[in-house]
Amino acid sequence: MIEADCVGPGWASLIHTQDTHSLFGRAIVRRAELISSVTLSSCVPRSSQRRMAPGNASFVTEFILVGLTDQAALQLPLFSLFLAMYMVTVLGNCGLITLIGLNSHLHTPMYFFLFNLSFIDLCYSSVFTPEMLTHFLSDKNVISYPGCMTQLYFFCFLVISEAYVLTLMAYDRYVAICNPLLYNIVMSPKVCSSLMFGSYLMAFSGAMAHTGCMLRLTFCDANTINHYFCDILPLFQLSCTSTYISEMVVFLVGGINIIVPSLTIFASYGLILSSILHIRSVESRSKTFSTCSSHIIAVSLFFGSGAIMYLKPSSSVSLDKGKISSVIYTHVVPMMNPLIYSVRNKDVKFALRHTLRRRKF
């Protein structure tokens with residue numbers, strides 16, 4: 001009796017050399033070749049098979065997006081909810097951009113950064129929300145491979161830009177409250193422009209790193225993304241080549257772009273809050289504290305949800321739970337920012353009344 005073991009084709013060739021002239025010998029050779037091919041593939045670990053791109057595999061040219069949920073009953077309510085959120089986001093950010101542009105008294109460092117934040121939020125939410133809304137109403141949600149990589153690049157570029165703009169806004173408030181005499185020197189127009197350019201440069205570098213790592217991966221057969229847009233971690237789980245280097249790059253670049261800005265922001269607001277405690281007027285103290293606390297909540301939601309997603313190994317991230325985190329920093333935060341930075345702002349309210357009065361006459 002011949003036993004199958006983890007052997008290669010050499011076993012069949014050995015039998016072939018010993019007895020190839022008899023009918024029994026030829027049958028044994030054929031059976032040996034069959035067993036050796038089957039057992040050789042069974043000896044390779046399944047994880048290795050998943051990571052090897054077979055020579056006859058068809059490479060992915062498009063991806064299917066699962067979306068937030070596959071329950072048909074929830075598609076229309078979710079469509080209505082996210083359409084309303086998107087309209088609030090667009091109107092709020094377009095309104096701020098218009099007000100800041102039309103009113104010269106808002107041409108200050110604080111509103112320069114707020115202008116950029118509103119522009120980023122407007123572009124940021126528009127990268128995937130319109131396509132997401134159409135997916136709620138269609139049966140098959142397909143995105144091409146180039147379209148997926150393009151969406152990933154702009155998502156990374158805009159989300160990293162937002163992280164650094166929020167950092168600059170916190171630093172601007174720190175200088176204005178804690179060092180008011182030096183404010184015009186420290187936050188001069190040239191310095192503000194240089195800081196903004198540096199933010200976009202960091203975003204460009206981070207987006208190129210993430211997208212470049214994704215382009216070096218191979219996607220063979222699996223093309224169903226368990227997400228509502230082309231995000232990094234869901235794409236890792238579809239790759240049929242090793243993602244180790246790419247995951248290390250994501251962890252390093254993501255760590256820098258999450259930890260450094262968040263620490264800077266919380267340190268700035270910590271110093272601001274300590275200065276607030278020395279304000280004698282209770283009314284001024286409570287007003288400033290209320291404004292800072294709303295800013296801290298928005299920043300915490302943005303960086304906290306990002307850290308939950310990207311500062312973990314991809315194998316330990318639940319994509320269903322990750323969708324909730326993604327909704328926070330892709331939809332909730334861009335919608336909240338115009339409200340947080342303008343509702344209690346006297347300058348913005350005055351600019352709105354002035355603009356409406358000017359339009360009326």
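The values are calculated or read from the model by the stated rules, or taken from the named source; none is laboratory data. Since the model is a prediction, treat every value here as computed from it, not as a measurement. Ideal geometry is used to build each Cβ from the backbone, glycine not excepted, and the neighbour counts take in all protein chains shown.
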Across segment 142-181, the tally of residues that are surrounded by 18 or more Cβ atoms within 10 Å (Cβ to Cβ) and either touching a Gly at 6+ places or on another chain (Cβ under 7 Å) or of a type in the set (Ser, Thr, Tyr) (or both) stands at 8
Say whether the condition of being crowded, with 20+ Cβ neighbours inside 10 Å and closer than 30 Å to residue 345 by Cβ is met by at least one residue in segment 129-141.
yes
Selection status of residue 256, part of a helix (DSSP H, G or I), assigned by TED's automatic domain parsing to the domain that holds residue 69 and within 30 Å of residue 342 (Cα to Cα)
yes
Filter segment 187-217 for residues that are surrounded by fewer than 15 Cβ atoms within 10 Å (Cβ to Cβ) and not small (Gly, Ala, Ser) and give the result.
189, 190, 191, 197, 201, 208, 215, 216
Being touching a helix residue (DSSP H, G or I) at 6+ places or on another chain (Cβ under 6 Å) and over 30 Å from residue 197 (Cβ atoms) is the requirement here; does residue 136 meet it?
yes
Tell me which residues, restricted to segment 236-253, are outside any loop (DSSP other than H, G, I, E, B) and either hydroxyl-bearing (Ser, Thr, Tyr) or touching a strand residue (DSSP E or B) at 6+ places or on another chain (Cβ under 6 Å) (or both).
244, 246
Going by what's in this entry, would residue 336 be described as within 21 Å of residue 229 (Cβ to Cβ), part of a helix (DSSP H, G or I), among the hydrophobic types (A, V, I, L, M, F, W, C) and at pLDDT below 80?
no
Consider residue 305 against the criteria (1) surrounded by 14 or more Cβ atoms within 10 Å (Cβ to Cβ); (2) touching a residue at least 40 places away in the same chain (Cβ under 8 Å); (3) not aliphatic (A, V, I, L, M): it satisfies all of them except one. Which criterion is unmet?
(2)
How many of the residues in segment 154-190 are under 30 Å from residue 211 (Cα atoms) and of a type outside the set (Ser, Thr, Tyr)?
14
Hey, residue 229 hits all of (1) out of contact with any strand residue (DSSP E or B) (no Cβ under 8 Å at 6 or more places or on another chain); (2) within 30 Å of residue 65 (Cα to Cα) but one; which does it fall short on?
(1)
Checking the structure you have, find out if any residue of segment 131-153 is within 17 Å of the chain's Cα centre (by Cα), among the charged types (D, E, K, R) and at pLDDT below 90.
yes
For residue 258: the one exception among (1) farther than 21 Å from residue 203 by Cβ; (2) of a type in the set (A, V, I, L, M); (3) buried (at least 17 other Cβ atoms within 10 Å of the Cβ):
(1)
